[in-house]
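Structure first, then comments.
Nothing in this text is a laboratory measurement; each read-out follows from the coordinates by a stated rule. Predicted, not measured: the structure shown is a model, and the values here were computed from it. All Cβ positions, even for glycine, are placed from backbone atoms using ideal geometry, and neighbour counts span all protein chains on display.
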Amino acid sequence: MSTERRPSRRSRGLTLIELALFIVIVGAGTAGVLSVLNYAVSHSADPFPVKQALSVAEAMLDEILAKSYTPLPGTGSRSAFDDVGDYNGFTMTGVTTIGGSALAGLSNYRVDVAVTPIGALTLNGAQVRLVTVTVTTPPAVGGQAYQLSGYRANY
């Protein structure tokens, strides 16, 4: 009798080809997942300039719509604006408070305001003005313009 072991046909384990194929498949899957993750991480801050621009536009629109409709004598600087019409044509590069203090991180944003009387539109007989605030993001992040509009009635 021979003591030599013969390999059985039902060997347990992997062949070199199966192992290489497994490594290729897992590597391709990992590369796909990592590329998606890389894209998601690199673009995660994209909405931030848009949110900042819309927040600035909303704050400016709120500031304007809170003013009187009736023309009052105050003009000149933004801190002296006392009616909606004073803001017509107002422009600033670098967002500031009403007092003129610069807001950090918003030095390259541009704000433009247009106040248009709407002659044909009345609200219960009251005259109406359309206030449009346009905020442009810095060129470094695309230089996109975002607009918000609101109506101010003389009630």
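Below is a table of values for the structure above.
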item: Most mobile of Leu16, Leu106, Leu72 in a GNM of the chain (Cα contacts under 10 Å); result: Leu16
item: Estimated dipole of the chain in Debye, rounded to 20 [Cβ of Lys and Arg +1, of Asp and Glu -1, Cα centre]; result: 1140
item: Among Gly99, Ala114, Thr30 the positive-end extreme of the charge dipole of the chain (Cβ point charges); result: Thr30
item: C-alpha long axis of helix 16-42 to longest principal axis of the chain, angle in °; result: 10
item: Entry for mean projected area of the Cα convex hull in nm² (calculated from the structure that is shown) out of (1) 9.9; (2) 18.7; (3) 7.7; result: (2)
item: Angle in degrees between helix 47-65 and the longest Cα principal axis of the chain, rounded to the nearest 10; result: 20
item: Chain lengthening between Val26 and Ser68 when straightened (0.36 nm per residue, less Cα-Cα); result: 8.4 nm
item: Residue order, fewest to most beta carbons within 10 Å, for Met92, Met60; result: Met92, Met60
item: Estimated inter-spin distance, Ala40 and Tyr151, nm [label 7 Å along Cα→Cβ]; result: 4.4
item: Ordering of 140-152, 24-36 by burial proxy (mean other Cβ atoms within 10 Å per residue, highest first); result: 140-152, 24-36
